[in-house]
Amino acid sequence: MTLDETCIRAFRHSFKAEKIFLCYPILFVSSLVICFVLAMLHSASDWVIFGAISVPVYLTLGLLASLSVFIHRIYYHELRGDSINYKDIFAASINRMLNGVFLSLPLMVTHLLLWVLLGVFFFLQDVPYLGTLVAVLFSMLPYAFLVVILGLPIFTVFVLFYGSCYFAFDLTVELEPLKEKPLTIFRNFFIGLLPLALAILFFGSIYWFTMDLFKIEENILALTLQRIFLLIPFSLYLSPFILFFFHFGLESYREVVKK
């Protein structure tokens, strides 16, 4: 099939109501975790927020990794034209889905470890005389830490797009396609990610505009509930684009590995 045909097929299968309502609870639970953490950090400093934000971010990625197993296996049967029994597919996928949740733990630990190391650097910078020397001679260290902290989520999303197919079907990881067809792999990743990124930008802009118009500054409980109620439609609108991301990930896997 051509690239256009695979895109259309992946997109068409992303608007099935059954799969949207499988994806929607995961996104909404992730939204609840984010709202809860933001409520706890309402009066916290930027430094504390920067460290604690890893919890909802990587927990969301872990939940999406679990979801990807289920979605890949459903889409695989759809491509074959098999009759879909969601209960049987879920029962066959549950062990692999639990592995997806554990993906978030090392990512959180890595983020928090680098966050602590950055804190140590800032602490040394305030030491008289020695601090200036440290800030000048070792300034490349916080730069390297921030590159890893900001690059880690991007790498995780790439693994969700392509690598999740391997643990969804218990396959042996193959790096040869990455060496032989790097441009094809990254092109497909960009195509799969672009609709999701645009959807987040569009619906997220409307979300923040609505919050700016009706934000309740003085009551943290009311503010949190307002965030939750706004995230109910936001999560629903975003679900088809998450599904397309996973569907096109499987299409990309089939193209580059030829299985």
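Within the stretch 166-183, can one find any residue that is of a type in the set (A, V, I, L, M), in a helix (DSSP H, G or I), free of Cβ contacts under 8 Å to residues at least 60 places away in the same chain and closer than 16 Å to R254 by Cβ? Yes; the residues of the stretch 166-183 include at least one that is of a type in the set (A, V, I, L, M), in a helix (DSSP H, G or I), free of Cβ contacts under 8 Å to residues at least 60 places away in the same chain and closer than 16 Å to R254 by Cβ.
So which of A10, A91, A17, A65 is small (G, A, S), out of contact with any helix residue (DSSP H, G or I) (no Cβ under 6 Å at 6 or more places or on another chain) and either surrounded by 14 or more Cβ atoms within 10 Å (Cβ to Cβ) or within 26 Å of F203 (Cβ to Cβ) (or both)?
Values: A10 fails: out of contact with any helix residue (DSSP H, G or I) (no Cβ under 6 Å at 6 or more places or on another chain); A91 fails: either surrounded by 14 or more Cβ atoms within 10 Å (Cβ to Cβ) or within 26 Å of F203 (Cβ to Cβ) (or both); A65 fails: out of contact with any helix residue (DSSP H, G or I) (no Cβ under 6 Å at 6 or more places or on another chain).
Answer to the selection: A17.
Of all residues in the stretch 122-146, those that are more than 18 Å from G51 (Cβ to Cβ) have Cβ atoms under 9 Å from Cβ atoms of residues that are polar (S, T, N, Q) and not in a loop (DSSP other than H, G, I, E, B), 6 or more apart or on another chain, in G131/Q125; T132/Q125; V134/Q125; A135/Q125. In the stretch 226-241, the residues that are farther than 10 Å from C35 by Cβ form Cβ pairs under 7 Å with partners that are among the hydrophobic types (A, V, I, L, M, F, W, C) and outside any helix (DSSP H, G or I), at six or more places apart or across chains, as follows: P240/F15. Close contacts from the stretch 76-87, counting a first residue that is part of a loop (DSSP other than H, G, I, E, B) and a second that is exposed (fewer than 12 other Cβ atoms within 10 Å of the Cβ), with Cβ to Cβ under 9 Å and a gap of 6+ residues or different chains, come to I84/E18. Can you tell me which of L160, L152 is in contact with a His (Cβ under 8 Å, 6 or more places away or on another chain), surrounded by 13 or more Cβ atoms within 10 Å (Cβ to Cβ) and modelled with pLDDT under 90? After applying the criteria, what remains is L152. Only residues that are surrounded by fewer than 17 Cβ atoms within 10 Å (Cβ to Cβ) and either touching a strand residue (DSSP E or B) at 6+ places or on another chain (Cβ under 8 Å) or within 22 Å of E5 (Cβ to Cβ) (or both) were counted across the stretch 188-210, and they come to 3.
Consider the stretch 211-259 and keep the residues that are acidic (D, E) and part of a helix (DSSP H, G or I). The one that is surrounded by the fewest Cβ atoms within 10 Å (Cβ to Cβ) is D212.
Looking across S43, S31, one residue alone is without any contact (Cβ under 8 Å) to a residue 12 or more places away in the chain and either surrounded by 15 or more Cβ atoms within 10 Å (Cβ to Cβ) or hydroxyl-bearing (S, T, Y) (or both). It is S43.
Does any residue of the stretch 149-159 turn out to be outside any helix (DSSP H, G or I) and either under 30 Å from V48 (Cβ atoms) or of a type outside the set (A, V, I, L, M) (or both)? No; the residues of the stretch 149-159 include none that is outside any helix (DSSP H, G or I) and either under 30 Å from V48 (Cβ atoms) or of a type outside the set (A, V, I, L, M) (or both). The residues of the stretch 114-147 that are of a type in the set (F, W, Y) and either surrounded by 12 or more Cβ atoms within 10 Å (Cβ to Cβ) or over 28 Å from the mean Cα position of the chain (by Cα) (or both), listed by number, are W115, F121, F122, F123, Y129, F138, F145.
The values are calculated or read from the model by the stated rules, or taken from the named source; none is laboratory data. If you're wondering where the values come from, they're calculated on a predicted model, not measured in any experiment. Glycine gets a Cβ as well: all are built from the backbone with ideal geometry, and neighbour counts include every protein chain shown.
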